[in-house]
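Peer 1: This structure is in structure tokens; I'll ask about it shortly.
The values are calculated or read from the model by the stated rules, or taken from the named source; none is laboratory data. Computed from a predicted model, the values in this text were never measured in an experiment. When we count neighbours, we look across all protein chains shown, and the Cβ atoms used for this are built from the backbone with ideal geometry, even at glycine. Quick note on the areas: whole protein, heavy atoms, side chains included, nothing else; ligands and nucleic acids left out. Shrake-Rupley method; radii C 1.70, N 1.55, O 1.52, S 1.80 Å.
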Amino acid sequence: MTRIAVLNGPNLDRLGKREPEIYGSATLLDLENTLRERFPKVEFEFFQSNSEGALVDKISQLADSNYSGIVFNPAAYSHTSIALLDALSGAGIPTVEVHISNIHVREEFRHHSYTAGASLAVITGMGQKGYEYAIDFLLNR
Ligand code: CA2
């Protein structure tokens, strides 16, 4: 079975609870259930953390397991974290970075993503559907 990890960074545990006009009204659990239903043949690992180190640790665990892909929304760490860039580069697992909002039409500090430098592709501004498009891409590339 194809194994895909879906990782979410800081504050995405608040999905659906605030700012639905930017991030959508579904909660993180709703989103994970939607992905399970839409891709019944995929074995998913879902992980969210507000801690940079915990995300680094998770990526290095995945590198030692048999994962075909990572879908990663590093949230604010996208714009700051060389540690996550290095973790992804070292893992060597095809990764698609997802942003729910379009980071390029928001504040200047969101325009650059360090972690995108270790990703095969970036989906930004397609709402929560972006996660589905990312998985579809990983399965069919
Ligand atoms: O658009 C995205 O997916 C972001 O990665 C979301 C991050 C932001 O820092 C990035 O620039 C773009 C913020 C996630 C915060 O999520 C919340 C969700 C609901 C309520 C409050 C925060």
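Peer 1: Taking Asn73, is it within 11 Å of the ligand (Cβ to nearest atom) and either loosely packed, with under 14 Cβ neighbours inside 10 Å or within 15 Å of Tyr131 (Cα to Cα) (or both)? Break it down stepwise before answering.
Peer 2: Values: within 11 Å of the ligand (Cβ to nearest atom): yes; either loosely packed, with under 14 Cβ neighbours inside 10 Å or within 15 Å of Tyr131 (Cα to Cα) (or both): yes.
In short, yes.
Peer 1: Then there's this: Return the residues of the stretch 92-103 that are open to solvent by 50 Å² or more (accessible area, probe 1.4 Å) and either near the ligand (Cβ under 10 Å from one of its atoms) or touching a strand residue (DSSP E or B) at 6+ places or on another chain (Cβ under 7 Å) (or both); say none if nothing qualifies.
Peer 2: Step one: of the stretch 92-103, the residues open to solvent by 50 Å² or more (accessible area, probe 1.4 Å) are 92, 102.
Result: Asn102, single match.
Peer 1: Which of the residues spanning the stretch 117-137 are of a type in the set (Gly, Ala, Ser), open to solvent by less than 30 Å² (accessible area, probe 1.4 Å), in a helix (DSSP H, G or I) and in contact with a helix residue (DSSP H, G or I) (Cβ under 9 Å, 6 or more places away or on another chain)?
Peer 2: Ala118
Peer 1: Here's another thing I want to ask about it. Kindly establish whether Asn50 is open to solvent by 50 Å² or more (accessible area, probe 1.4 Å) and at positive phi.
Peer 2: Details: open to solvent by 50 Å² or more (accessible area, probe 1.4 Å): yes; at positive phi: no.
Here the answer is no, as Asn50 does not meet what is asked.
Peer 1: Of all residues in the stretch 92-116, which are in a helix (DSSP H, G or I) and out of contact with any helix residue (DSSP H, G or I) (no Cβ under 9 Å at 6 or more places or on another chain)? Break it down into steps so the answer makes sense when it comes.
Peer 2: If we filter the stretch 92-116 for residues that are in a helix (DSSP H, G or I), which is where we start, we get 103-105, 108-110, 115-116.
Matches in the stretch 92-116: Val105, Glu108.
Peer 1: Suppose we filter Ser89, Ser65, Ser60 for residues that are polar (S, T, N, Q), farther than 15 Å from Pro10 by Cα, in a loop (DSSP other than H, G, I, E, B) and more than 16 Å from the ligand (Cβ to nearest atom); which single one remains? Please lay out each step first, then the result.
Peer 2: Numbers: Ser89 fails: in a loop (DSSP other than H, G, I, E, B); Ser60 fails: in a loop (DSSP other than H, G, I, E, B).
None of the other options fit; the residue is Ser65.
Peer 1: Test Ala83 against the criterion of being part of a helix (DSSP H, G or I), open to solvent by 40 Å² or more (accessible area, probe 1.4 Å) and farther than 25 Å from Lys129 by Cα, and give yes or no. Walk me through it before giving the result.
Peer 2: On the way: part of a helix (DSSP H, G or I): yes; open to solvent by 40 Å² or more (accessible area, probe 1.4 Å): yes; farther than 25 Å from Lys129 by Cα: yes.
Yes, satisfied.
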